[in-house]
Amino acid sequence: MKLSNTIRRTSAALAVGAMSLGLVTVSSGAAQAVASCTGNVSIYGTLSDGKLTYTQVEPNTGDRVKTLIGPNLGFTPKAMATLNFNTVLVTSTAGDLYRVDVQTNNTSLTVAGVAKIWDGGWTFDKMVYDGAGHLYGTVDGQLHQYLVSQDKPTGPAHIGQHVVIDTGFVLKTLAAAGDDRIIATTSDGRLLSYKINGVNDWDRSVLKSSGWSGVDSLSSPGGGLYYGRTNGGMYWYHDSDPTDGDGSDIAYHPSDPVDASGWTQSLLSAYADNCAYVAPAPPKSVQGGTIYRNEVIDRAKNWYSRNVQYSQSAYASDVDGDHSYRTDCSGFVSMAWHLTTSLTTQSLPSAGTQISKADLRPGDALNSSSEGHVVLFAGWKDQDAGSFYYYSEGSPSSDMNYSTANVYSGTIDSHPASSYIALRYDKIA
């Protein structure tokens, strides 16, 4: 079982008092991120000679505030994960696990202690900590997960509940982007997002299908901030919603990098609980007006939580209680989109535009006019494989459903997947 949020996030408080601002060494442009951070982003690293490094980055501008170089760790590091502002876990090429206790101020980086807390068996090629209790590692394509129960773990008593999540995690880089959320790049240049739900249960979205092959190190302090190193330069990115499995809202800053060169560390690791994602509260839609995707999903969840009964003749109120919609499949999508009337599967395409199934995003629909059925797309389970989550007003026997299917094969809510087209509401934001 996981620790409570209170216990799992106690380390976040350490960063508030421990961080100190230095002189900004790189000017910044007007680019602004919106992550909520406890201070400057903390990134640890190791140089080729085994020395530890510490870098602060201003999260809103991407400016590097300072970089400090500390002592040699005394062993050859292989993988590294930052537990909190002053605690780093590092494996050695010999397979041992060390806890490194760090002390830093404006001008110096020192190590309070380097303790071997596990003798052998730690052969991960990559290792990350999600900032909320879970340590992840990859080896031979397997993704492993551990529960970390202390800010200063001393060994198996504090790093346990080991499980293998699954195989197939052949990744070029790996970073923790939040609570059980992982981002990664692949050798063919894709940027992937994972939500780990449990053993053999995870969701994967393709944030970018190409363009990331040059990134040889990836770090994230959470909050949708990503830092990728390419040819020794450190570049920063901001995902305005890191929970939606969609990369179209990632802001790039190619002309305003953290640094254009100079990042030569062999390992890099950000403190993953440094920043948090705070969901925006966009203005609520009016009937027939522009609507944001999160509101579409919230409206769908309302009918699902109420288990509105299926009927082609009955009507039910929406979440606001001031409009009613027909309680069949197309009436449900009409309600979720906040249309002015309940359309049918024949007329829904008049309110939207057909898109590629590969481009589906939460709040879009899959409509089959030939079968007379439509479902609301809720998100990818595995975008590469085509599996996804959906809401639907199913039938008189099932009423409201939340389920999974494949956009390319089999059936979707008992109808052939091949009969559906992907539809995007013209007024969705």
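The values are calculated or read from the model by the stated rules, or taken from the named source; none is laboratory data. The structure displayed is predicted, hence computed values, not measured ones. Note: ideal-geometry Cβ built from the backbone for every residue, glycine included; neighbour counts use all protein chains shown. SASA here: full protein model, heavy atoms, side chains in, ligands and nucleic acids out. Shrake-Rupley method; radii C 1.70, N 1.55, O 1.52, S 1.80 Å.
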Query raised in the report: Short version: ³J(HN,Hα) in whole Hz for each residue of segment 197-205, in order, from phi by Karplus 6.51 cos²θ - 1.76 cosθ + 1.60 (θ = phi - 60°), x for Gly and Pro, what are they?
Result: 9, x, 5, 6, 9, 7, 10, 9, 10
Requested in this report: Along each of the three principal axes of the Cα atoms of segment 145-224, give the extent in whole Å, ordering the values from largest to smallest.
Outcome: 42, 25, 20
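R0 = 35 Å: FRET efficiency of residue 395 with residue 188, Cβ-based, nearest 0.05? Intermediate values should be presented prior to the final figure.
Values: r = 41 Å, r/R0 = 1.19.
Once rounded, the FRET efficiency stands at 0.25.
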Query raised in the report: Zone of residue 278 (label point 7 Å along Cα→Cβ, backbone N under 19 Å): which residues in segment 227-264?
Result: 238-244
Requested in this report: For the chain, find the longest principal axis of its Cα atoms and tell me its angle to the long axis of helix 293-306, 0 to 90°, nearest 10.
Outcome: 60 degrees
Report task. Pairs of lysines 8 or more apart, or on different chains, with alpha carbons under 17 Å: count those in segment 81-211, would you? Result -> 4
Query - Inter-part distance where segment 258-307 and segment 356-395 are each reduced to a Cα centre, Å - result: 20 Å
Query raised in the report: Using a 4.7 Å Cβ cut-off, which Cys residues in the chain lack a partner cysteine?
Result: 329
Report task. Would you please put 136-143, 77-84 in order of how densely packed they are, using the mean number of other Cβ atoms within 10 angstrom per residue and starting with the highest? Result -> 77-84, 136-143
Query - Extension gain (nm, one decimal) between residue 402 and residue 163, 0.36 nm per residue minus Cα-Cα - result: 83.3 nm
Query raised in the report: Out of 66, 284, 357, any idea which swings most in a Gaussian network model of the chain, alpha carbons joined below 10 Å?
Result: 284
Report summary line: With x for Gly and Pro, the residue-by-residue ³J(HN,Hα) of segment 369-381, computed from phi through the Karplus equation 6.51 cos²θ - 1.76 cosθ + 1.60 at θ = phi - 60° and given in whole Hz, is 5, 5, 8, x, 9, 8, 10, 9, 6, 10, x, 7, 8
**Report entry** Computed E for residue 209/residue 106 - FRET, C-beta separation, R0 51 angstrom, nearest 0.05
**Finding:** 0.75
Query - Rough spin-label spacing in nm, given labels placed 7 Å along Cα→Cβ, for residue 320 and residue 287 - result: 0.8 nm
Query raised in the report: In a GNM of the chain with a 10 Å cut-off on Cα contacts, which of 393, 371, 295 has the highest mean-square fluctuation?
Result: 371
Report summary line: For segment 259-378, the Cα-Cα pair-distance distribution in 10 Å bins from 0, as whole percents, is 12, 38, 24, 10, 9, 7, 1
Requested in this report: May I ask which residue of 263, 138, 331 lies farthest towards the positive end of the charge dipole of the chain, with charges of +1 (Lys, Arg) and -1 (Asp, Glu) on Cβ and the Cα centre as origin?
Outcome: 263
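Which whole-number percent is the relative contact order of segment 317-377 (Cα, under 8 Å, 6+ apart)? Mind showing how you got there, number by number?
On the way: 66 pairs, mean separation 17.2, N = 61.
Relative contact order for segment 317-377 comes out at 28 percent.
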**Report entry** Relative contact order (%) - the chain, alpha-carbon pairs under 8 angstrom, separation at least six
**Finding:** 12 percent
Query raised in the report: Once you put a point 7 Å from the Cα of residue 353 and another 7 Å from the Cα of residue 149, both along the Cβ direction, what distance in nm separates them?
Result: 5.4 nm
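Suppose all protein chains stay in the model; what accessible area per residue would a 1.4 Å probe give for the chain, in Å²?
On the way: 16810 Å² over 429 residues.
Result: 39 Å² of accessible area for each residue.
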Query raised in the report: Among the lysines, which fall within straight-line cross-link reach of residue 66, defined as a Cα-Cα distance under 24 Å, with same-chain neighbours fewer than 8 residues apart omitted?
Result: 51
Query raised in the report: To the nearest 500 deg cm²/dmol, what mean residue ellipticity at 222 nm is calculated for the chain from DSSP H runs of n ≥ 4 alone, each contributing -39,500 (n - 2.57), summed and divided by the residues?
Result: -2000 deg cm²/dmol
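Rounded to a whole number, what is D in µm²/s for segment 82-224 from Stokes-Einstein with the Kirkwood radius over alpha-carbon pairs (25 °C, 0.890 mPa s)?
Details: Rh = 15.9 Å.
Taking Rh from Cα pairs, D becomes 154 µm²/s.
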